[in-house]
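The values are calculated or read from the model by the stated rules, or taken from the named source; none is laboratory data. Fair warning: this is a prediction, and the values are worked out from it, not measured in the lab. Cβ: placed from backbone, ideal geometry, glycine included. Neighbour counts: every protein chain shown. Side chains included, ligands, DNA and RNA excluded: accessible areas come from the protein's heavy atoms. Shrake-Rupley method; radii C 1.70, N 1.55, O 1.52, S 1.80 Å.
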2 protein chains.
Amino acid sequence: MRAPRANSREKILAAAADVAREAGPGSLSLEAVASRAGVSKGGLLYNFPTKAKLMQGLVENYLRDFQKALEARTAEARHESALSAYIKLSADDCERPKPSASWIFSAIAEDPDFLAPIKAFKHQLLERLKEETSDLGSLLICFLAIEGLRSMNLFDSDVLSEDEHKLLVASLLKIAG
Amino acid sequence: MRAPRANSREKILAAAADVAREAGPGSLSLEAVASRAGVSKGGLLYNFPTKAKLMQGLVENYLRDFQKALEARTAEARHESALSAYIKLSADDCERPKPSASWIFSAIAEDPDFLAPIKAFKHQLLERLKEETSDLGSLLICFLAIEGLRSMNLFDSDVLSEDEHKLLVASLLKIAG
DNA sequence: CTTACTGTACCGGCTGGACGGTCTTGTCAA
DNA sequence: TTGACAAGACCGTCCAGCCGGTACAGTAAG
């Protein structure tokens with residue numbers, strides 16, 4: 001009665017994100033993830049020989065998806081700036097009230113250095129956006145405001161109403177030009 | 001060799017913040033905090049009968065300090081808006097590269113609900129700022145950009161250079177009017 | 001075709017250690 | 001005497017990582 005489809009890796013990664021979101025970042029144990037993924041602990045450890053490797057996999061997966069989504073957005077609308085695409089992507093990401101990435105807190109608790117790739121990615125993204133604009137001040141405001149939006153979503157903070165969210169996005173797009 | 005008359009409570013709170021910052025949020029154990037505070041475990045548990053109470057104390061302390069600082073800023077410069085005061089306060093808070101509040105991650109791992117008072121505070125602050133301005137769009141941008149700045153500081157992300165930081169603050173103050 | 005061998009993917013019990021919380025005993029100042 | 005701790009042994013629980021299996025796929029000799 002072995003599972004025919006092998007790709008346990010992705011199932012495990014998804015399960016880890018689910019557990020962190022639903023049971024809280026403090027409850028992300030290997031057993032919980034394995035159980036959620038329909039895999040034994042041994043099977044989990046086979047795919048990710050250590051918890052740190054699992055966290056690393058989570059980060060890499062996240063970054064890969066993010067980059068893919070960003071490329072798709074910028075490609076599908078050539079007439080607008082990359083900054084606008086980034087704003088819209090982030091607005092969509094943050095619209096639904098899914099923290100969706102609270103596993104990040106588990107990773108930080110494990111070791112803050114796990115965020116290094118994310119920081120590097122953000123830095124690289126900002127550099128790329130800088131090349132496209134002449135108004136650095138406006139770019140920084142937009143970039144940081146999006147960062148704020150993402151952090152609110154991450155912390156599951158619904159400080160903004162839906163109308164305010166839309167107004168914010170519209171205002172940002174106006175500034176971005 | 002007892003401490004003469006030092007309020008252990010504050011020492012413990014400060015020690016907890018220190019441990020989380022230096023050893024990482026995942027290493028914030030009662031023993032580590034007690035040792036750092038120069039207090040025995042028994043003494044710690046006398047002041048904070050449970051780890052949850054300690055986290056709660058951390059949050060309350062943080063909020064109290066924040067409100068005090070904000071009131072001081074707004075009071076000392078009556079001719080400028082509360083939003084400007086908030087921007088300047090946050091800029092100063094985030095300038096020095098001190099995460100200073102990574103204990104927040106420990107609190108989240110313990111129980112995400114510990115952030116509820118912080119969310120309420122933020123919401124209340126935004127409401128107060130809304131009453132002062134006519135341009136809601138600009139306010140939201142400033143508020144979120146500051147949130148972004150604070151999250152960068154929290155995650156110990158130095159994506160922005162010092163010059164960019166200054167430019168951002170100047171641009172925000174211009175928008176804030 | 002069959003037997004024997006090899007590697008892959010996974011199972012699940014176990015252990016050693018860390019941690020939160022309790023409890024007891026002691027100390028010293030007011 | 002009491003209140004505010006110090007000191008730390010102890011307990012129960014949780015959890016990461018380890019290890020000895022197991023099921024199956026391929027493969028290749030006989």
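What the table shows:
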read-out	value
For segment A:1-49: rounded, prolate or oblate by the Cα gyration tensor [a/c cutoff 1.5]	prolate
Over 18 Å between alpha carbons, listed pairs A:Lys53/A:Lys122; A:Lys130/B:Lys166; A:Lys88/A:Lys122; B:Lys88/B:Lys166	A:Lys53/A:Lys122
Neighbouring partner chain Cβ atoms per residue of B:64-74, average, 10 Å criterion	0
Cα-based helix-to-principal-axis angle, A:162-176 vs chain A, degrees rounded to 10	60 degrees
Cα principal axis extents for segment B:52-176, largest first, Å	41, 33, 27
Computed over chain B: relative contact order in percent, which uses C-alpha pairs under 8 Å that are six or more apart	24 percent
Accessible-area composition of the protein assembly as shown, carbon plus sulfur, in percent [1.4 Å probe]	49 percent
Furthest towards positive pole of dipole, B:Leu160, B:Pro25, B:Thr74, structure part the protein assembly as shown, Cβ charges	B:Pro25
Mean Cβ count within 10 Å, highest first, over the residues of peptides B:154-167, B:120-133	B:154-167, B:120-133
Debye intensity ratio I(q)/I(0), log10, segment B:1-82, q values 0.11, 0.26 Å⁻¹ (C-alpha model)	-0.38, -1.23
For B:155-164, mean number of other protein chain Cβ atoms within 10 Å	5
0 to 90° range, to nearest 10: angle between helix A:136-154 axis and chain A longest Cα axis	30 degrees
Ranked packing of A:9-15, B:137-143, most packed first, by mean Cβ within 10 Å	B:137-143, A:9-15
Cα gyration tensor, the protein assembly as shown - rounded (a/c under 1.5), prolate or oblate	oblate
Label geometry 7 Å along the beta-carbon vector: A:Leu136 inter-copy distances in nm	3.4
Between helix A:82-95 and chain A: long-axis angle, C-alpha atoms, 0 to 90°, nearest 10	50 degrees
A/B buried area, accessible surface, summed, 1.4 Å probe, Å²	3100 Å²
Residue-by-residue Karplus 3J(HN,Hα) for segment A:96-109, coefficients 6.51, -1.76, 1.60, Hz, glycine and proline x	6, x, 10, x, 6, 9, 6, 4, 4, 5, 5, 5, 5, 5
